[in-house]
Amino acid sequence: MTSVTDLTVGVIGGTGPQGKGLALRWSAAGIRVGIGSRDADRAASVAAELEGDVTGATNADVAAGSDLVVVTVPWAGHADTVKSLAPYVDGKIVVDCVNPLGFDKRGPYPLPVEEGSAAEQAQALLPEATVIAAFQHVSAVLLSDPEIASFELDVLVLGEDREAVGTVIGLVDVIPGMRGIYAGRLRNAGQVEALTANLIAINRRYNAHAGIRITDV
């Protein structure tokens, strides 16, 4: 496992359920975490709720002060938010967790993305960063529940740079019970993001928080 405890991890959109949940788990593992938001006061307020070395500031300030950046914003604001990070992430790893999904009376469904996936869109907007896709299938509800001490799920990690993939797998593995699994190059991120629609359908049908397990690895 790649050591990640010396990193400062910036969570963009960190006041939302998934961002806050990831920040909670990483700070509990001894990682320095910055929570980013368009509203610095809101970010600081959420950071104050968490234990460990956690601070809150604007998305720009958090991205500038972090070694690695994680994007957890809604799909509707993905392109604009990612584009705004460009001056601050040159040479850094950017982890994209975003799922382009729509919802109608028939349930969730994947949305088409011109670049192929949210992660590929992020890479196109951040050519000097190394974008890795991960954490698409992790329940925000479970992440944010302090009563849950361990998870039983695998996190699919996709990217072009094997060293960067290893670093992100390290971020997965510090969360008790989670296991990071290399799942291919970034061009394969589209079907991983789309699978989230199936998981949401499963969760609604069975009143669960389903995740992914990879067998024989």
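Read-outs: derived from the displayed coordinates by stated rules, not from any lab. Remember, it's a predicted structure, so these values are computed and weren't measured experimentally. Virtual Cβ from ideal backbone geometry, glycine too; neighbours counted across all protein chains shown.
Protection proxy ranking of 113-124, 81-92, by the mean of other Cβ atoms within 10 Å over each peptide's residues and highest first, is 113-124, 81-92. Around the amide H of Phe151, modelled in the peptide plane, lie the amide H atoms of Gly177, Met178, all under 5 Å away and 5 or more residues distant in sequence or on another chain. All distinct Cα pairs of the stretch 78-217 go into the 1/r average, and the inverse of that average, the Kirkwood radius, is 15.7 Å. Residue exposure proxy: Leu186, Leu142, ordered by other Cβ atoms within 10 angstrom of their Cβ from fewest to most, comes out as Leu142, Leu186.
The simple spin-label model puts a point 7 Å past each Cα toward its Cβ; for Ala210 and Asp161 those points are separated by 3.5 nm.
Taking other Cβ atoms within 10 Å as a rough exposure proxy, Val69, Val46 sort from fewest to most as Val46, Val69. With each label modelled as a point 7 angstrom along the Cα→C-beta vector, the Ala60-Thr5 pair spans 3.6 nm.
Treating each Cα of the stretch 78-150 as one equal point scatterer and applying the Debye formula with no solvent, the log10 of I(q)/I(0) at q = 0.19, 0.20, 0.27 Å⁻¹ comes out as -0.86, -0.90, -1.17. Please tell me the relative contact order of the stretch 8-206 in percent, rounded to the nearest whole number, where contacts are Cα pairs under 8 Å and at least six residues apart. Relative contact order here is 19 percent.
Rounded to the nearest 20 debye, the dipole magnitude of the chain is 640 debye, with +1 charges on Lys and Arg beta carbons, -1 on Asp and Glu beta carbons, and the Cα centre as origin.
Between the amide H of Val131 and those of Val94, distances stay under 5 Å, these residues lying 5 or more places away or on another chain, with hydrogens modeled in the peptide plane.
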